[in-house]
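Note sheet for the following structure.
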Amino acid sequence: SVTGVLLGVAILIIVLSVMTGFDDMWREKILSFKPHLTVYAPGGAIEEEEQVCARIEALPGFKGAAPAIQTLVLMQFDSRIVAPLVLGLDPARAGRVSRIAKSVKRGAFDLRGDNVVVGIDLASVLGLGVGDKCLIYSSRNVMSEDEVHLPEELTVSGIFDLGMRDYDSRFILTSLDVARDLTGMDHGAESIYVMTDDP
């Protein structure tokens with residue numbers, strides 16, 4: 001009887017410990033990529049994104065904010081094509097809302113100019129390496145009847161590994177200006193990514 005109670009309690013403690021560890025691990029991985037809060041404007045685009053970021057960062061408990069644009073694209077390297085999500089961030093503010101810089105395994109977390117940072121699984125599928133140039137097609141390339149929109153040619157500056165296939169195989173990061181070109185926005189942002197002291 002004593003042994004049965006001992007084993008039952010021991011199993012319960014072990015299972016609870018393992019589940020708590022998994023919960024903490026996945027929470028850390030998800031929050032390394034996703035912001036704690038996302039701010040949207042009722043009318044669509046956020047026009048004065050720098051002022052909004054400054055106002056958010058001035059509030060107590062908030063440690064970083066960055067304008068962002070996310071859109072679905074086609075990415076081509078050699079004869080291979082995939083359809084990842086592009087996340088465009090302000091290069092000067094990206095480090096405040098993303099921990100991907102700490103997960104870069106090859107190259108550097110550099111979003112300036114026409115640079116792009118890709119996940120390790122996506123890079124493996126396409127055969128991409130640091131310094132390779134790839135083509136990015138947006139919906140504007142096929143939906144505009146009166147204008148011809150050429151694809152964006154971007155250079156891989158870094159390859160990140162978050163240890164989560166959903167992120168490592170589906171997302172690429174680039175500058176806010178490139179994301180604006182892909183979506184046809186002249187200025188502003190789609191949303192504001194916000195990081196807090198305590199999520």
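The values are calculated or read from the model by the stated rules, or taken from the named source; none is laboratory data. Owing to the predicted nature of the structure, the values given are computational and were not obtained by experimental measurement. Reconstructed Cβ throughout: ideal geometry from the backbone, glycine too, with neighbour counts over all protein chains shown. Side chains included, ligands, DNA and RNA excluded: accessible areas come from the protein's heavy atoms. Shrake-Rupley method; radii C 1.70, N 1.55, O 1.52, S 1.80 Å.
List of remarks:
- Averaged over residues, the count of other Cβ atoms within 10 Å places the peptides 169-179, 4-14, 98-108 in the sequence 169-179, 98-108, 4-14, highest first.
- Of the residues Ser157, Ser1, the one with the largest accessible area comes first in the ranking Ser1, Ser157, computed with a 1.4 Å probe on protein heavy atoms.
- Largest GNM mean-square fluctuation across Gly119, Gly188, Gly127, computed for the chain with C-alpha springs under 10 Å, falls on Gly127.
- For the chain, the number of Lys pairs with C-alpha atoms closer than 21 Å, counting only pairs eight or more positions apart or on separate chains, is 8.
- Shape parameters for the chain, alpha-carbon atoms, Rg then Dmax in Å: 20.5, 82
- Max mean-square fluctuation residue, GNM over the chain, Cα-Cα springs under 10 Å, options Val86, Val18, Val118: Val18
- Computed with a 1.4 Å probe over protein heavy atoms only, the accessible surface of the chain comes to 55 Å² per residue.
- Taking the 1.4 Å solvent-accessible surface of the chain as the whole, the part contributed by carbon and sulfur is 55%.
- The chain, helix-only ellipticity at 222 nm - DSSP H runs n ≥ 4, -39,500 (n - 2.57), divided by all residues, nearest 500: -10000 deg cm²/dmol
- Counting only DSSP beta bridges with both residues in the chain, the antiparallel share comes to about 75 percent.
- Of the DSSP H helices in the chain, those that are both long (alpha-carbon extent of 30 Å or more along the helix axis) and hydrophobic (Kyte-Doolittle mean at least -0.5) are 2-33.
- Ordered from largest to smallest accessible area (heavy atoms of protein chains, 1.4 Å probe), the residues Arg165, Arg55 come out as Arg55, Arg165.
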